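One structure below.
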Amino acid sequence: MDTTAFLRWLHSIMAGSGSGTRKRIIRFRHRKDYLQFIQASSKSTQTRPLLQSVKHLPLIQAISCPLPDTGILPYLGDRIWVEDDRPLNVHSILKKSAAVDKGIPWGVKQIKAPLAWSQTTGHRIKVGVIDTGVDFNHPDLRHSLSRGINLLSRGMLPYDDNGHGTHIAGTIAAANQLHGMIGVAPRSTIYPVKAFDYNGSAYVSDIILGIEWCVRNQIHVINMSFGMKTRSRALLNAVINAYNAGVVIVASAGNDGNRKSVDYPARYPQTLSVGATTRLRRIAPFSNRGSDIDIYAPGDKIVSGWLRGHYNEMSGTSMATSHVSGAIALLLARHPAMSPADIKATLRRSMRPLRGTKAPRSTGELDILKMLQAADR
């Protein structure tokens, strides 16, 4: 690849881009081309200032930048892949203020987490929550948080300005039994990765940067309570790289009530795809379902932490996903050598059957005691 010509083209097309511009991801097929681009672009930012807005995605040998609908260099067709940098949204559908479920919320009880705490509490397991950030001052989370990273504003802590990320973190690892609530794995550590803005929106490139940060910081479990309808090769590439690095990725199925398919990234086989159940252990009406679901967990009317130390009741496959991430933290604290494939197999052979005449027989609801027994065998 002629890196100088590519940089010149990239700068000129960014400078001339108008109303037909969209964020794109450009992946380099060959690592040598990518490394040459990185080296050359770092020397060119002063003479070509627009290149400072190019987002580097080293986990997948790619960049993200605004490009017009036409004008991709045709002779680079065999050296690069180009795709839209698509938007994603967090997976929740209902919220209302709530008094805290003093002590142990119903979902944490339903999956039998308290019965496992004599064996494991998730100690030393790092859970990356790629979401809207977290309320660092929440009394139930103060002892469960690491610094994490804010991908939207690198110099700041990943403060939550939406509430969704705090809710997810609370279900996974809240630890305030005397005055507040307790999560599934109260001695695990949450690493908040703020990729979503106050509206609960992000781009695929933000998620890829979040996954890369988690891989680089040796995070054990990544909670992904979000999704989109369209497939992204770039996101799949990032998920595969994390999976190969031994990171367990837990992803929410989506809240469209779709009976045959789930959202991405939950549809990728390298993730653990989670659907939502109710207190009656039936599939929640809003939950996507189908053969791509690996496991179900409580996701209807879940009370957890919220902004400014408050609590909210929320429903969605997001909430189900956080229960599964906490369960995996409990499992890994007891069996740290388990691979993502081992964990998925263990979960799938230890589920409780779902209730309901139309409930699928191929999958079931999370049961932490059965999960630990299956892993011990």
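What follows is calculated from the coordinates using simple rules that are stated; it is not laboratory data. Note that the structure is predicted; figures quoted are calculated from it, not measured. Don't worry about glycine lacking a Cβ; one is built from the backbone with ideal geometry, like all the others, and counts go over all protein chains shown.
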Percent relative contact order for the range 89-376, counting Cα pairs under 8 Å at least six residues apart, stands at 24
Can you tell me the order of 146-153, 332-339, 316-323 when each peptide is scored by its average per-residue count of other Cβ atoms within 10 angstrom, highest first? 316-323, 146-153, 332-339
Explain nothing, just compute: Karplus ³J(HN,Hα) = 6.51 cos²θ - 1.76 cosθ + 1.60, θ = phi - 60°, for every residue of the range 120-136 in order, whole Hz, x for Gly and Pro. 7, 10, x, 4, 6, 8, 9, 10, x, 10, 7, 6, 8, x, 8, 7, 5
Hey, what D do you get for the chain in µm²/s if you plug the Kirkwood alpha-carbon radius into Stokes-Einstein at 20 °C and 1.002 mPa s? 102
Straight-line reach from LYS23: which lysines have a Cα under 16 Å away, not including same-chain ones fewer than 8 places off? LYS55
Please give me the summed charge of the neighbours of VAL239: other residues whose Cβ is under 12 Å from its Cβ, Lys and Arg +1, Asp and Glu -1. +2
Value of [θ]222 nm, deg cm²/dmol, for the chain, DSSP H segments ≥ 4, -39500 (n - 2.57) each, nearest 500: -8500 deg cm²/dmol
As a Kirkwood estimate from alpha-carbon pairs, the range 192-273 has a hydrodynamic radius in angstrom of 12.9
5 Å is the cut-off here: which amide hydrogens, built 1.01 Å from N in the peptide plane, fall below it relative to SER315, excluding neighbours closer than 5 in sequence? ILE93, LEU94, LYS301, ILE302
Segment SER118-THR4, extension gain: residue separation times 0.36 nm, minus the distance between their alpha carbons: 34.9 nm
Just to be sure I understand the model, the point goes 7 Å from the Cα along the line to the Cβ. What's the resulting LYS96 to ASN199 distance in nm? 2.7
Amide H of VAL129: which non-local residues (sequence gap of 5 or more, or other chain) have their own amide H closer than 5 Å, using H built in the peptide plane? TYR191, VAL193, ASN223
Taking K and R as +1 and D and E as -1, what net charge do the other residues with C-beta under 14 Å from the C-beta of VAL204 add up to? +3
At 10 °C in a medium of viscosity 1.306 mPa s, the range 167-211 has a Stokes-Einstein diffusion coefficient, with Rh taken as the Kirkwood radius over alpha carbon pairs, in µm² per second, of 132
How far apart, in nanometres, would the label points at ASP78 and ARG31 be if each is projected 7 angstrom from Cα along the Cα-to-Cβ direction? 2.2
Least to most buried among MET181, MET351, by other C-beta atoms within 10 Å and fewest first, runs MET351, MET181
Proxy exposure order for LYS96, LYS109 (fewest C-beta within 10 Å first) is LYS96, LYS109
Express in nm, to one decimal, how much length is gained between THR47 and SER146 on full extension, taking 0.36 nm for each residue of separation and deducting their alpha carbon distance. 31.8 nm
Label-point separation in nm, ASP69 to ARG233, each point 7 Å along Cα→Cβ: 2.2
